[in-house]
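Below is one structure, written out as structure tokens; comments come after it.
The values are calculated or read from the model by the stated rules, or taken from the named source; none is laboratory data. None of the values given here were measured: they were computed from a predicted structure. Positions of Cβ are backbone-derived with ideal geometry, glycine not excepted, and every protein chain shown enters the neighbour counts.
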Amino acid sequence: MKERKIRLQSVEDAKNFVKVTTECDFDVDLCDNSIIIDAKSIIGVLSMDLRHVLMVRYYGENEALEAFLDNHMNGIVKIA
């Protein structure tokens, strides 16, 4: 399992995120504190508070997903 922080700035970002995750052949979850939803669900992703930094948990490898996550870490401070 891998975990990455992400910030979705708009509804368009959320739609693109779901599009990328649906192409993955493994589970992808989106978490905000104690709330965990299936990241392949557009309704679930849009129900999250997009003002917060969210945690993405995924259980496989996908270059498109990694690239999307890299591009949507704006304003998130990395802590080693």
Confirm whether residue 13 is loosely packed, with under 15 Cβ neighbours inside 10 Å and either among the acidic types (Asp, Glu) or over 12 Å from the mean Cα position of the chain (by Cα) (or both). no
Mind checking which residues of region 34-80 are modelled with pLDDT under 90 and in contact with a helix residue (DSSP H, G or I) (Cβ under 8 Å, 6 or more places away or on another chain)? 50, 72
Within region 1-33, can you find the residues that are among the charged types (D, E, K, R), assigned to a strand (DSSP E or B) and either at pLDDT 95 or above or in contact with a Gly (Cβ under 6 Å, 6 or more places away or on another chain) (or both)? 29
Counting only residues that are more than 15 Å from residue 21 (Cα to Cα) and either in contact with a strand residue (DSSP E or B) (Cβ under 6 Å, 6 or more places away or on another chain) or of a type outside the set (A, V, I, L, M, F, W, C) (or both), region 42-53 contains a total of 6
Does residue 34 satisfy the criteria of being out of contact with any Lys or Arg (no Cβ under 7 Å at 6 or more places or on another chain), of a type in the set (Ser, Thr, Tyr), touching a residue at least 24 places away in the same chain (Cβ under 8 Å) and over 22 Å from residue 63 (Cβ atoms)? no
